[in-house]
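What follows is a short report on a single structure.
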Amino acid sequence: MVRETLVNVKSEPSRRLFVLDTNVLMHDPTAIFRFQEHDVFIPMVVLEELDAAKKGLSEVARNVRQVSRFLDELMRDHDKESIDRGLPVSELRAPGEPAPATGGRLFFQTRHVLGELPQNLPGNKPDNSILATVMGLQKQFPDVAVILVSKDINLRIKASVLGIRAEDYYNDQVLEDVDLLFSGTEALPADFWDSHGRELDSWQESGRTLYRVTGPLVAGWSPNQCLFLEGAEDFEAIVREINQEQAVIERLRDYRSQHPVWGVHARNREQNFALNLLMDPEIDFVSLMGAAGTGKTMLALAAGLAQSLEENRYREIIVTRVTIPVGEDIGFLPGTEEEKMTPWMGALMDNLEVLTEGDGTSEWGRAATQDLLRNRIKIRSLNFMRGRTFLNKYLIIDEAQNLTAKQMKTLITRAGPGTKIVCLGNISQIDTPYLTETSSGLTYAVDRFRTWEHSGHVTLLRGERSRLADFASEYL
């Protein structure tokens, strides 16, 4: 029985029993595979909540159904007695993952183990029933470290008040600290040419200036990382090739004083880096991160218009984003898919108006230009992206910080030949429940694409919207 199996854990103080909350499995269906040598316990009320949430087409419903399929497959060859003893973790692994050498067991609540809750916490509520189950396990097995794992902050607070050890689910976190996230840029030391220029080679190729440098800093660089040297003469470059302690860097094009992109000039160093990445046909994936007003949407849209209308590199521009309201939901919206998405695309329309303004252009001319551009810009919903393939498209994913890692993977894998994907977002403004700066899909994409030679990332630092917006962003 459960008691007999858990008693064996007493002689191993490093072993723990993790009790999973429903939201952990809803958030990550593979959570039952992530505890390796430790034991996992699923209360019966969690199975009830999973059953209630299985219907629908939402991401949560799909995750719940996947959890049910995992559990059904795992119990297929086990009888009641083996389930009571716990299913070996060595049998519980996600497809394609190797089985752990040693592992704990997965237990289900097969009998009444409720503990005594305070009178102001009735046990008929799902969260309180989970707390009561954990307290019952603690009382039955005092030598076992029983830990509640939940994404719900309030449940963890109540657990701590009751003397229950509670933790967040950290397996989905890309980084331990958001400050460790790759910024895409690096400032070179003042003595860079002295320390890395002893074996310097320089040459011209198709109008580009390239350097081959050797030195200790090269090992820490990433493909398409932007470098800059501040001094009497600014030097800005991008890493093109890396081979151990040797790298080929290319001097970047200056989009600040010359070479406008659809009438847009870069206003600072980071924006110049971003335009170089966006206009490079060899870079298939670009992520731009920054606070409100740093120019993410403007730069992405200008580069998309220039390459689709002037250079005919892409057939059309597709814009999508997560539809999460800041305030109260306004309810169902009438019309087609594009008409339903229009209220969520205010930032796109605002930037489109700026890009179509020209000196001496009449009102009729601006209206005609906007109509022309809107025919090349398609607004699509994330809900209908599964199964699609985009060929020679310029895909902009706005507000990407609200995507989970799984949703981000679903979108990026839609890209066919000739397609460029641009992800925009601000990880300090996440509206999706249970997502944090370190577990956001945007953070996940930036970290995973860092070493790929056809991707680039820039974190925009300075706001360029207005002096009012800059002051409000800093002091409010």
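Tell me, yes or no, whether the stretch 437-444 has at least one residue that is in a loop (DSSP other than H, G, I, E, B), within 25 Å of Met279 (Cβ to Cβ) and at pLDDT 90 or above. Can you show your working first?
We begin by selecting, within the stretch 437-444, every residue in a loop (DSSP other than H, G, I, E, B); these are 437-440.
From what's left, within 25 Å of Met279 (Cβ to Cβ): none.
Scanning the stretch 437-444 turns up no residue that is in a loop (DSSP other than H, G, I, E, B), within 25 Å of Met279 (Cβ to Cβ) and at pLDDT 90 or above.
So which residues in the stretch 436-460 are touching a His at 6+ places or on another chain (Cβ under 8 Å) and crowded, with 24+ Cβ neighbours inside 10 Å? Walk me through how you get there before you give the answer.
Within the stretch 436-460, the first condition is being touching a His at 6+ places or on another chain (Cβ under 8 Å), and the residues that meet it are 446, 449-450.
Passing the criteria: only Val446.
Mind checking which residues of the stretch 197-214 are basic (Lys, Arg) and either within 20 Å of the chain's Cα centre (by Cα) or part of a loop (DSSP other than H, G, I, E, B) (or both)?
Taking the stretch 197-214 as the starting set, the residues that turn out to be basic (Lys, Arg) are 198, 208, 212.
Hit for the stretch 197-214 is Arg198, nothing else.
Considering each residue of the stretch 163-196, count those that are assigned to a loop (DSSP other than H, G, I, E, B), of a type in the set (A, V, I, L, M, F, W, C), more than 17 Å from Leu227 (Cα to Cα) and touching a residue at least 40 places away in the same chain (Cβ under 8 Å), and give that number. Give the derivation first.
Filtering the stretch 163-196 down to residues assigned to a loop (DSSP other than H, G, I, E, B) leaves 163-164, 168-177, 181-184, 188-191.
The next check asks that each one be of a type in the set (A, V, I, L, M, F, W, C); those that pass are 164, 174-175, 181-182, 188, 190.
Filter once more, keeping what is more than 17 Å from Leu227 (Cα to Cα): 164, 174-175.
Narrowing further to those that are touching a residue at least 40 places away in the same chain (Cβ under 8 Å): 174-175.
Residues flagged as assigned to a loop (DSSP other than H, G, I, E, B), of a type in the set (A, V, I, L, M, F, W, C), more than 17 Å from Leu227 (Cα to Cα) and touching a residue at least 40 places away in the same chain (Cβ under 8 Å) within the stretch 163-196 amount to 2.
Just to be sure, is Asn224 at positive phi and either in contact (Cβ under 8 Å) with a residue 24 or more places away in the chain or part of a helix (DSSP H, G or I) (or both)?
The answer is yes for Asn224.
Condition first: exposed (fewer than 12 other Cβ atoms within 10 Å of the Cβ) and modelled with pLDDT of 85 or more. Can you find one or more residues in the stretch 61-69 that meet it?
Filtering the stretch 61-69 down to residues exposed (fewer than 12 other Cβ atoms within 10 Å of the Cβ) leaves 69.
This time we only want the ones that are modelled with pLDDT of 85 or more, so: 69.
Yes, the stretch 61-69 has at least one match.
Could you please let me know if Arg251 is at pLDDT 90 or above, out of contact with any Gly (no Cβ under 9 Å at 6 or more places or on another chain) and farther than 30 Å from Asn312 by Cβ? Lay out the reasoning, then the answer.
Numbers: at pLDDT 90 or above: yes; out of contact with any Gly (no Cβ under 9 Å at 6 or more places or on another chain): yes; farther than 30 Å from Asn312 by Cβ: no.
No: the conditions fail for Arg251.
Can you tell which of Leu301, Leu288 is modelled with pLDDT of 65 or more, of a type in the set (A, V, I, L, M, F, W, C) and part of a helix (DSSP H, G or I)?
Working: Leu288 fails: part of a helix (DSSP H, G or I).
The conditions single out Leu301.
Output the residues belonging to the stretch 392-435 that are over 13 Å from the mean Cα position of the chain (by Cα), on the phi < 0 side of the Ramachandran plot, surrounded by fewer than 17 Cβ atoms within 10 Å (Cβ to Cβ) and modelled with pLDDT of 85 or more.
Correct list: Thr413, Gly416, Pro417.
Can you find, within the stretch 187-211, the residue that is modelled with the lowest pLDDT among those that are of a type outside the set (Phe, Trp, Tyr) and crowded, with 16+ Cβ neighbours inside 10 Å? It would help to see each step written out before you state the result.
Of all residues in the stretch 187-211, those of a type outside the set (Phe, Trp, Tyr) come to 187-191, 194-202, 204-210.
Narrowing further to those that are crowded, with 16+ Cβ neighbours inside 10 Å: 188, 196, 210.
Numbers: Leu188: 90, His196: 82, Leu210: 92.
Restricting to residues being of a type outside the set (Phe, Trp, Tyr) and crowded, with 16+ Cβ neighbours inside 10 Å, the top hit is His196.
Consider Leu275 against the criteria (1) under 14 Å from Val422 (Cα atoms); (2) out of contact with any His (no Cβ under 7 Å at 6 or more places or on another chain); (3) part of a loop (DSSP other than H, G, I, E, B): it satisfies all of them except one. Which criterion is unmet?
Just one mismatch for Leu275, condition (3).
How many residues does the stretch 204-241 contain that are in contact with a Phe, Trp or Tyr (Cβ under 6 Å, 6 or more places away or on another chain) and within 23 Å of Ser287 (Cβ to Cβ)?
Here the count works out to 3.
Arg267 - would you say it is surrounded by fewer than 20 Cβ atoms within 10 Å (Cβ to Cβ) and not in a loop (DSSP other than H, G, I, E, B)?
For Arg267, the condition - surrounded by fewer than 20 Cβ atoms within 10 Å (Cβ to Cβ) and not in a loop (DSSP other than H, G, I, E, B) - is not met.
Has the stretch 339-348 got at least one residue that is surrounded by fewer than 16 Cβ atoms within 10 Å (Cβ to Cβ), part of a loop (DSSP other than H, G, I, E, B) and either modelled with pLDDT under 85 or not acidic (Asp, Glu) (or both)? Give the derivation first.
Looking only at the stretch 339-348, we keep the residues that are surrounded by fewer than 16 Cβ atoms within 10 Å (Cβ to Cβ), and these are 339, 342-343, 346.
Okay, now just the ones that are also part of a loop (DSSP other than H, G, I, E, B), so none.
Among the residues of the stretch 339-348, not one is surrounded by fewer than 16 Cβ atoms within 10 Å (Cβ to Cβ), part of a loop (DSSP other than H, G, I, E, B) and either modelled with pLDDT under 85 or not acidic (Asp, Glu) (or both), which makes the answer no.
The values are calculated or read from the model by the stated rules, or taken from the named source; none is laboratory data. Fair warning: this is a prediction, and the values are worked out from it, not measured in the lab. Heads up, the Cβs are rebuilt from the backbone with ideal geometry, glycines too, and the neighbour counts pull from every protein chain shown.
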